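The values are calculated or read from the model by the stated rules, or taken from the named source; none is laboratory data. All values reported here derive from a predicted model rather than from experimental measurement. Heads up, the Cβs are rebuilt from the backbone with ideal geometry, glycines too, and the neighbour counts pull from every protein chain shown. Just so you know, the surface numbers come from the protein's heavy atoms only, side chains and all, with ligands and any DNA or RNA stripped out. Shrake-Rupley method; radii C 1.70, N 1.55, O 1.52, S 1.80 Å.
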Amino acid sequence: MKQPLVKIKGIYKDYQLPKKFLFQKAPVFRALHGINLELHHGTSFGIVGESGCGKSTLARIVMALDEPTSGTVFFDGQDLFNMPAAKLKHLRRNFQMVFQDPYGSLNPRKNILGIVAEPLDTLKEKLSFAQKKERVAKILTEVGLNATDTDKFPHEFSGGQRQRIAIARALITRPSLIVADESVSALDVSVQAQVLNLMMDLQEKYNLTYMFISHDLSVVEYVTDQVAVIYMGKIVEQGTTKTLFHGPLHPYTQTLLRAVPDVNPLNKKQKNKPVIPLFKKTDMSCPFIDRCHKATKTCVDNAPELLGNDGHLVACFNAE
Amino acid sequence: MALLQVQDLCVTLNTAHGPQEVISHINFSMEAGDKMGIVGESGCGKSITALALMSLLPRDSQTRGKIILEGRDILKLNSNKICSIRGNRIGMIFQEPMTALNPVKQIGAQVSESIYLHLKLTRKQTLERVSELMDKVGLPVSKFGLNLYPHQLSGGQRQRVMIAMAIACNPEILIADEPTTALDVTVQEQILDLIRDLADSSGMALIIISHDLGVIAQTAENVMVMYTGQSVEMGSTMDVFQNMSHPYTYGLFSAIPHVGSSVQLDRKRLNSIPGQVPELHLRPRGCNFADRCSRALKICKDKEPMATRVADHHQVWCYHPLTCEDKK
């Protein structure tokens, strides 16, 4: 098998919380708990989970914007957190990010040329102004905007167009990996469809690899080839999109999928929800124990490992 | 007689491009216990409709038409009288629980505010009423206490506080404006269940506003689809979702990826609606959707369409509504 483009190996990330007392040791919040993932060339990997589960922390670490407490990320076989800063900076052209809020992520005082060409300036590409402008104009037409839009400012564009500008900015350095952190959640459904279609066309054209982070399960199912479900900093289920959405094994994934409101009014939800047995949660127990309807005594004292075969992994003792 | 009748409601707001009509000719009526959904993209006038019902529009706006609540047109009432209706007879849950609550007031005080104002209870009775409400919305006082501040609660819990505030005076009508947009799916499910149960048990009429077709399908019995301040399709949720006739409704529906899609079909492009919602001052003369519509003919660009009946209680504002064959 080919070497993966990105290999995330045993990532732990702890954040220090404020001290309650002066001489106390600062309490620690563990945002990520032993994450292992592999992203392959030209595929899309989805990361799903509720707010606060560590999705965005993972994105920041993959982008080398934040250092993990332990573990590391290999990009094309190179250890991102064990290389000279200058080399990392040079490598950054290969991975770019598209952010969530198209209103907050574009500088309102810069014109589109300045915004889209900024990565080129930061990476000190030796380009004349004309060359730069030509390259920006080319990328703008790629994302469905006009080449003449370079002199306009962000406020002249709608939300969907702004997100296209953000995609253009990410693409200008010709990266191989794009991390999309909730990139379509702020858009209206009809515009969201346009942007998703665009992202998939670009993927085909440039053989891009996407790391697609979203809380919207239907979007993730639509876009990705592989999915990992994260709960409280741990991967609880991982597999190909088809198997995971068709036959979710972890109770948390099942809960998530069941909670998506169905657009067919005939499929009313059943009222009776499964009863959740009461177990006391300890540091040792499965993180999902207090919300799980399948919890047994085993789950109290042991946290399940991520195991499975055929690439469908699940961290649950009672998975079925 | 209907509980609430909205007749020919038009709202004009002052914008940078002069006065613009943001809502035109909205009609609907509701009985006690009805659940109506309003669905549409951002900027289509969903929230302005809700604010008009609450008489919370900006002062320099003009409203025409009638909003008849139990025989009285609330648009003709003076501000004192409206004050006795707002929050008392009509309750509203606002969109963002993060910003709609006052960050420097304890949640108990925020919930009791409208009780003080409208019900004129004693201190002790008010406290009892507040704890009863907090039990109802799933934040029992024994566990959560009334002296908490909003920042000490999670998004879902804040939304529960908002719901407690909205139903504090047992309103006849509850308006929920995007009540779950900022929440995770699992929390969304809990909040929707709560709103539905509250409406069912007290016989409140519910107006639920959302851009999420799934939320509307699961909550509302009737639905109004809005586009650029106009209703484009209206009817029972069953009719509209099973037999959608307006190209816009159909476009919205086919633009969303459905859970389960990866199993049925292999990587098909999403059907997006071309173009974008026209800006207020650039709205076309005829049908507002004509520029984005694949079925538009000359008449669509010249003249606004009138309501056409598709079935009983199912209307569509379109010259060329979709038939069953078109959707295949």
**Message:** Positive end of the dipole of chain A, charges at C-beta (+1 Lys, Arg; -1 Asp, Glu), about the Cα centre: which of A:Thr72, A:Asn197, A:Leu171 has its Cα farthest in that direction?
**Reply:** A:Thr72
**Asked** Which whole-percent values make up P(r) of segment B:124-254 when all C-alpha to C-alpha distances are grouped in 10 Å steps starting at zero?
**Response** 11, 38, 30, 14, 6, 0
**Asked** In square angstrom, what is the accessible area per residue of chain B with a 1.4 angstrom probe?
**Response** 45 Å²
**Item:** For segment A:150-216 and segment A:30-89, distance of Cα centres in Å
**Value:** 20 Å
**Message:** List the residues, sorted by chain then number, that are 5 or more residues from B:Val310 or on another chain and whose placed amide H is less than 5 Å from its amide H.
**Reply:** B:Gln315, B:Val316
**Asked** Number of Lys-Lys pairs in segment A:1-73 under 26 Å by Cα, sequence gap 8 or more or different chains?
**Response** 5
**Request:** For segment B:177-276, just list the percent of Cα-Cα distances falling in each 5 Å bin from zero outward, please.
**Result:** 2, 10, 19, 21, 20, 16, 8, 3, 1, 0
**Prompt:** Which ³J(HN,Hα) values, rounded to whole Hz and listed in residue order, are derived for segment A:177-186 from phi using the Karplus coefficients 6.51, -1.76 and 1.60 in 6.51 cos²θ - 1.76 cosθ + 1.60 with θ = phi - 60°, glycine and proline given as x?
**Reply:** 10, 10, 9, 10, 9, 6, 5, 10, 5, 8
**trypsin sites (Lys or Arg not before Pro) lying in DSSP loop within segment B:1-100, provided at most 14 other Cβ fall within 10 Å** = B:Arg59
**Complete:** Cross-link reach from A:Lys297 to lysines, straight Cα distance under 26 Å and at least 8 residues apart if same chain, gives A:Lys234, A:Lys273, A:Lys280, A:Lys281
**Peptide B:274-282, shielding by other chains (average Cβ, 10 Å cutoff)** = 2
**Asked** Under a 5 Å amide H to amide H cut-off, with H placed in plane at 1.01 Å, what residues pair with B:Ile93 once short-range neighbours are removed?
**Response** B:Ile175, B:Ala176, B:Asp177
**Rounded to whole Hz, the Karplus (6.51, -1.76, 1.60) HN-Hα couplings of segment B:6-19, x for glycine and proline** = 10, 10, 6, 6, 10, 10, 10, 10, 7, 10, 4, 9, x, x
**Message:** Quick check: at a probe of 1.4 Å, how many percent of the accessible area of the protein assembly as shown sits on carbon and sulfur atoms?
**Reply:** 53 percent
**Fill in**
Partner lysines whose C-alpha sits under 16 Å from that of A:Lys242, ignoring same-chain residues fewer than 8 away, are B:Lys268
**Message:** Check which residues have an amide H placed less than 5 Å from A:Val6's amide H, if you skip close sequence neighbours.
**Reply:** A:Leu39, A:Asp76
**Prompt:** Sorted by packing (mean other beta-carbon atoms within 10 Å per residue), highest first, where do B:166-173, B:281-288 land?
**Reply:** B:166-173, B:281-288
**Item:** segment A:104-128 and segment B:151-229: distance between their alpha carbon centers, rounded to Å
**Value:** 42 Å
**Asked** Highest mean first, what order results for B:293-299, B:95-101 on Cβ atoms within 10 Å?
**Response** B:95-101, B:293-299
**Message:** Could you give each residue of segment A:201-209 its phi-based ³J(HN,Hα) in whole Hz, using Karplus coefficients 6.51, -1.76, 1.60 with θ = phi - 60°, and x for Gly or Pro?
**Reply:** 5, 5, 4, 4, 5, 10, 6, 6, 10
**Request:** Go ahead and set up a Gaussian network model of chain A, Cα springs under 10 Å, then flag whichever of A:Lys205, A:Lys55, A:Lys19 fluctuates most.
**Result:** A:Lys19
**Complete:** Expressed as a whole number, the average count of other chain Cβ atoms within 10 Å around the Cβ atoms of B:190-197 is 1
**Fill in**
Given the candidates B:Val187, B:His246, B:Met226, the one whose Cα lies deepest towards the positive end of the charge dipole of chain B, counting +1 at each Lys or Arg C-beta and -1 at each Asp or Glu C-beta, is B:Met226
**Fill in**
Excluding residues fewer than 8 positions from B:Lys124 in its own chain, the lysines with Cα under 25 Å of it are B:Lys105, B:Lys136, B:Lys143
**Message:** If packing is taken as the average count of other Cβ atoms within 10 Å, what order do A:20-31, B:143-154, A:177-188, B:312-323 fall into, highest mean first?
**Reply:** A:177-188, B:312-323, B:143-154, A:20-31
**Asked** Please state the Cα pair-distance histogram of segment A:185-320 with 5 angstrom bins from zero: what percent is in each bin?
**Response** 2, 9, 16, 18, 17, 15, 11, 6, 4, 2, 0
**Fill in**
If one builds a Gaussian network model of chain B from Cα atoms under 10 Å apart, the most fluctuating residue listed among B:Gly40, B:Gly156, B:Gly138 is B:Gly138
**Fill in**
Quick note, the protein assembly as shown: a/c under 1.5 would make it rounded; otherwise a/b > b/c is prolate and the rest oblate (a ≥ b ≥ c, C-alpha gyration tensor); here it is oblate
**Asked** Averaged over peptide B:249-259, how many Cβ atoms belonging to another chain are found within 10 Å of each residue's Cβ?
**Response** 6
**Item:** Accessible surface buried once A binds B (1.4 Å probe; total of both sides; Å²)
**Value:** 3800 Å²
**Fill in**
Checking every Cys Cβ in chain A against the others at 4.7 Å leaves as unpaired A:Cys53, A:Cys292, A:Cys316
